[in-house]
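Q: First the structure, then my questions, so here it is.
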Amino acid sequence: MRRGILAIAVFLAVLVLISAPTACYLSRGAWEEAKILSRRQPISEIVADPRTPSEARAKLKVVLAARQYAKDSLKLRTKDSFTTYSRLDHDTLVLVVSAAYRDTLKPYTWWFPIVGRVPYKGYFDFAAAKKEAKDLNEGGLDVYVRPSDAFSTLGFFNDPLLNTTLKGDSIDLANTVIHELTHNTYYATGQAPFNESFAMFVGARGAAAFFRSRGQEAAAAKVDAEWEDDKLLARFWARVIRSLDSAYRQHPESKGARIAARDSVYARTRVALVHEIAPQFKTINPIYAQRVTLNNAALLARRVYASDLDVFDLIYAREGNDLKRTIGRIIGLAKSRPNDPFRALKDWVKSNGTPPAAG
């Protein structure tokens, strides 16, 4: 969930006949994107400027180096993304609203040009985000609101690094750059969970490889540990989803009974998080288990970024831990079955035997 959402390609929206509320939303997004682009400064010039604080200079050098690694070693589509820097007027880029039905594991979705249906909506206007969340909640939906500090325009623009992203450490920066460049390289229309989970994999494995290429084994080991935590939580959320599915099926005729059953599942989920999962964390503060939001919207939002993460590692292992080759393999498989890319990946794994452990 650290990673940013995909920005909608708002500059094309004026070519589409859309409703007035969507037009207003996209117009605001276009305005904010224009401001971001208009403020771009070459990172190389900022690095060379003696007035640039040493900590910021060091982070910016990591951004440029991670971008170059993604281009040269992973063959990601970089164009001129992350060669410039833009400063926003605030510390949060957007608020992201997700919603879901309370008596079934079905996300509420929005449709936009280019990207199709997505289970989230990002707002530059924070008041509008809160109003949307309030309206959805009053309409009987579970709602989840979170901040995001980065996005990709899928290569339509040369995305700059933002001050909201620069506040992270070098490990987060390298991961974020490679994650977002993955979106520039390949994006499956209407397949948000696949797109985000694939980018999570490439960001994590790519950042670890990047730091190892620089002899920074401690940083690489930390990225690997974070990835193990991501996979641990992905497996746990999948387990919770199975429990909820089972609970809902037991009460097909009563919405009230389904909601009561779901509340019981989430009560057990909290106990399991605190006593079973938190002790296994390598990099996550155990307090997370006590405070993380538990409802259908939050659960499905997390699954967007953590669907079947292990299958990516299985392909990685079968490709001899060669990340560039693995990226090509995954993209090829996804293209072969655009309506169900995860099934394409799983079928390929089944047909290719048992791999050695991914390292």
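Q: If we keep just the residues of segment 242-258 that are surrounded by fewer than 16 Cβ atoms within 10 Å (Cβ to Cβ) and more than 30 Å from TRP227 (Cα to Cα), which is nearest to the chain's Cα centre (by Cα)? Steps first, please.
A: As a first pass, look at segment 242-258 and keep what is surrounded by fewer than 16 Cβ atoms within 10 Å (Cβ to Cβ): 242, 245-246, 249-250, 252-257.
Right, trim to more than 30 Å from TRP227 (Cα to Cα) and you get 249-250, 252-257.
Working: ARG249: 30, GLN250: 33, PRO252: 33, GLU253: 36, SER254: 35, LYS255: 32, GLY256: 33, ALA257: 33 Å.
Within segment 242-258, the match that is nearest to the chain's Cα centre (by Cα) is ARG249.
Q: Can you name the residue in segment 82-99 that is within 18 Å of the chain's Cα centre (by Cα) and surrounded by 21 or more Cβ atoms within 10 Å (Cβ to Cβ) and, of all such residues, is nearest to TYR187 (Cα to Cα)? Break it down stepwise before answering.
A: Going residue by residue through segment 82-99, those that are within 18 Å of the chain's Cα centre (by Cα) are 82, 92-99.
With surrounded by 21 or more Cβ atoms within 10 Å (Cβ to Cβ) added as a condition, the list becomes 82, 93-95, 97-99.
Working: PHE82: 18, LEU93: 22, VAL94: 21, LEU95: 22, VAL97: 21, SER98: 20, ALA99: 23 Å.
Result: PHE82.
Q: Can you pull out every residue in segment 156-196 that is assigned to a loop (DSSP other than H, G, I, E, B) and either open to solvent by less than 10 Å² (accessible area, probe 1.4 Å) or more than 25 Å from ASP89 (Cβ to Cβ) (or both)? Don't jump to the end; show me each part of the working.
A: Within segment 156-196, the first condition is being assigned to a loop (DSSP other than H, G, I, E, B), and the residues that meet it are 156-160, 167-169, 186-191.
Hits for segment 156-196 are ASP159, TYR186, TYR187, ALA188, THR189, GLY190, GLN191.
Q: I'd like the full set of residues that are under 18 Å from GLU180 (Cα atoms), part of a helix (DSSP H, G or I) and aliphatic (A, V, I, L, M), limited to segment 37-78.
A: First pass over segment 37-78, keeping only residues under 18 Å from GLU180 (Cα atoms): 37, 40, 43, 59-78.
When the remaining residues are screened for being part of a helix (DSSP H, G or I), the result is 37, 43, 59-72.
Correct list: LEU37, ILE43, LEU60, VAL62, VAL63, LEU64, ALA65, ALA66, ALA70.
Q: Only one of LYS222, LYS231 is open to solvent by less than 40 Å² (accessible area, probe 1.4 Å), in contact (Cβ under 8 Å) with a residue 40 or more places away in the chain and not hydrophobic (A, V, I, L, M, F, W, C). Can you tell me which? So that I can check it myself, show each step before the final result.
A: Details: LYS222 fails: open to solvent by less than 40 Å² (accessible area, probe 1.4 Å).
After ruling out the rest, the residue left standing is LYS231.
Q: Going by the conditions given, is ALA297 farther than 22 Å from TYR101 by Cα and either of a type in the set (S, T, N, Q) or outside any loop (DSSP other than H, G, I, E, B) (or both)?
A: Working: farther than 22 Å from TYR101 by Cα: no; either of a type in the set (S, T, N, Q) or outside any loop (DSSP other than H, G, I, E, B) (or both): yes.
So ALA297 fails the test.
Q: Got a number for residues in segment 212-266 being polar (S, T, N, Q) and either in contact with a His (Cβ under 6 Å, 6 or more places away or on another chain) or under 20 Å from THR293 (Cβ atoms) (or both)? Please lay out each step first, then the result.
A: Step one: list which residues in segment 212-266 are polar (S, T, N, Q), which gives 213, 216, 243, 246, 250, 254, 264.
Imposing the further condition that a residue be either in contact with a His (Cβ under 6 Å, 6 or more places away or on another chain) or under 20 Å from THR293 (Cβ atoms) (or both) reduces the set to 243, 264.
Adding up the residues that qualify gives 2.
Q: Filter segment 259-278 down to residues that are open to solvent by 40 Å² or more (accessible area, probe 1.4 Å) and more than 21 Å from GLU226 (Cα to Cα) and give me whichever is nearest to the chain's Cα centre (by Cα).
A: Narrowing segment 259-278 to residues open to solvent by 40 Å² or more (accessible area, probe 1.4 Å): 259-260, 263-264, 267-268, 270-271, 274-276.
Imposing the further condition that a residue be more than 21 Å from GLU226 (Cα to Cα) reduces the set to 259-260, 263-264, 267-268, 270-271.
On the way: ILE259: 28, ALA260: 31, ASP263: 27, SER264: 29, ALA267: 26, ARG268: 27, ARG270: 23, VAL271: 26 Å.
Step by step, filter segment 259-278, then rank; the result is ARG270.
Q: Which of the residues spanning segment 82-108 are modelled with pLDDT under 90 and part of a loop (DSSP other than H, G, I, E, B)?
A: Answer for segment 82-108, where residues must be modelled with pLDDT under 90 and part of a loop (DSSP other than H, G, I, E, B): ARG87, LEU88, ASP89, HIS90, ASP91, THR92, LEU93.
Q: Does any residue of segment 214-222 turn out to be of a type outside the set (A, V, I, L, M), closer than 29 Å to THR104 by Cβ and in a helix (DSSP H, G or I)? Give the steps one after another, and end with the answer.
A: Just the residues of segment 214-222 that are of a type outside the set (A, V, I, L, M), to begin with: 214-217, 222.
Filter again for closer than 29 Å to THR104 by Cβ, leaving none.
No.
Q: Test of understanding: among ALA301, ALA344, ALA289, which residue is at pLDDT below 95 and of a type in the set (A, V, I, L, M)?
A: ALA301
Q: Follow-up. Are there any pairs with C-beta distances below 6 angstrom linking a residue in segment 197-211 that is farther than 20 Å from TRP237 by Cβ to a residue that is among the small types (Gly, Ala, Ser) and assigned to a helix (DSSP H, G or I), with the two at least 6 apart or on different chains, and if so which?
A: Taking only residues 6 or more apart or on different chains, the pairs are ALA207/ALA174; ALA208/ALA220; PHE210/ALA66; PHE210/ALA174; PHE211/ALA219; PHE211/ALA220.
Q: Continuing with this model, one more query. Out of segment 148-178, which residues are polar (S, T, N, Q) and at pLDDT 80 or above? Spell out how you get there, then give the answer.
A: First pass over segment 148-178, keeping only residues polar (S, T, N, Q): 148, 152-153, 158, 163-165, 170, 175-176.
Scanning segment 148-178 gives ASN163, THR164, THR165, SER170, ASN175, THR176.
Q: Would you tally the residues in segment 60-72 being in contact with a strand residue (DSSP E or B) (Cβ under 9 Å, 6 or more places away or on another chain) and surrounded by fewer than 21 Cβ atoms within 10 Å (Cβ to Cβ)?
A: Final tally of qualifying residues: 1.
Q: Just checking, does segment 279-286 include any residue being open to solvent by 30 Å² or more (accessible area, probe 1.4 Å), under 30 Å from VAL145 (Cα atoms), assigned to a helix (DSSP H, G or I) and without any contact (Cβ under 8 Å) to a residue 24 or more places away in the chain?
A: Yes, segment 279-286 contains at least one residue that is open to solvent by 30 Å² or more (accessible area, probe 1.4 Å), under 30 Å from VAL145 (Cα atoms), assigned to a helix (DSSP H, G or I) and without any contact (Cβ under 8 Å) to a residue 24 or more places away in the chain.
Q: State which residue is surrounded by the most Cβ atoms within 10 Å (Cβ to Cβ) when the search covers only segment 308-350 and only residues that are over 26 Å from TRP237 (Cα atoms) and among the basic types (Lys, Arg).
A: ARG329
The values are calculated or read from the model by the stated rules, or taken from the named source; none is laboratory data. Keep in mind that this is a model prediction, so the values were computed, not measured. When we count neighbours, we look across all protein chains shown, and the Cβ atoms used for this are built from the backbone with ideal geometry, even at glycine. Ligands, DNA and RNA are stripped out before the accessible areas are found, and what is left, the full protein with its side chains, is counted by its heavy atoms. Shrake-Rupley method; radii C 1.70, N 1.55, O 1.52, S 1.80 Å.
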